[in-house]
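Novice: Pasting in a structure now, in structure tokens, and then I'll have a few things to ask.
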Amino acid sequence: MHSNFMWIVALMAIGVCLALPAGEDAQAETIKLESENTGDKYSFAYETSNGISRTETGEVKPGAGEEDGSLSVQGSTSWSAPDGKKYEISFTADETGYHPKFRLVA
């Protein structure tokens, strides 16, 4: 039993090391950060020095009763892959679920 625990700990440690950013990604800085929240609506956007950007807006949609509202969200994330290609995921999320769209930008 003890050796199984040690294997699990070792595998978790290896996973953490592999998940850490490498090279210049580890040194990336936030170069833009915007955020707003009015209670029933919110938005945020950020961009990093290594080319990652993210935007999101959301708003509470009222329902029939006070406790019946839903959240409607839309946003996008883009980044450059190691091969130099730029990718983007845009999405909407609401009472019908999460709806992503993936595309190669350049």
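Novice: Mind checking which aspartates and glutamates have their C-alpha under 17 Å from Lys41, skipping anything on the same chain fewer than 8 residues away?
Specialist: By straight Cα distance, Lys41 reaches Glu56, Glu59, Glu66, Glu67, Asp68, Asp94, Glu95.
Novice: Near Asp40, within a Cβ-to-Cβ distance under 11 Å, what is the net charge of the other residues, with Lys and Arg +1 and Asp and Glu -1? Could you put the intermediate results ahead of the total?
Specialist: Numbers: positive: Lys41, Lys61; negative: Glu59.
Spelling it out: positives minus negatives among the neighbours equals +1.
Novice: Do any GluC sites (Glu not before Pro) in segment 39-95 lie in a DSSP loop with no more than 10 other beta carbon atoms within 10 Å, and if so, which?
Specialist: Glu66, Glu67, Glu95
A short reminder: the numbers here are calculations on the coordinates, not readings from a lab. Because the structure is a prediction, the values reported are computed rather than measured. Note: ideal-geometry Cβ built from the backbone for every residue, glycine included; neighbour counts use all protein chains shown.
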